[in-house]
Amino acid sequence: METIPLDRGRQYLSSSGRIITQEEYDAIMSEISNMGTGLEDAEQTRQIEERVRKLEFYLLMLVGFVLIFFMLSRIG
């Protein structure tokens, strides 16, 4: 697998065409490299998403039961 240097595109920019400074670029790259260390946050986010999905399922089931109840009560 080939690795692509992250600053490859910066060599084609002139000094007047730079969007960010070197210090800003270095800060962004260090933040990106630190993002991988947030495994606890990713696990917590996954657990929250799982709980929300369960809640959505239970609410859908409740709405279904209420609709069935109303349909049966209209028949009788």
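Quick notes on this structure:
- Residue match in region 55-65 (condition: charged (D, E, K, R), modelled with pLDDT of 90 or more and out of contact with any strand residue (DSSP E or B) (no Cβ under 6 Å at 6 or more places or on another chain)): yes
- On the stretch given as region 1-47, residues that are of a type in the set (S, T, N, Q), exposed (fewer than 10 other Cβ atoms within 10 Å of the Cβ) and either modelled with pLDDT under 70 or over 25 Å from the mean Cα position of the chain (by Cα) (or both) total 7.
The values are calculated or read from the model by the stated rules, or taken from the named source; none is laboratory data. None of these values were measured; they are calculated from a predicted model. Using ideal geometry, Cβ is built from the backbone for each residue, glycine included, and neighbour counts are taken over all protein chains shown.
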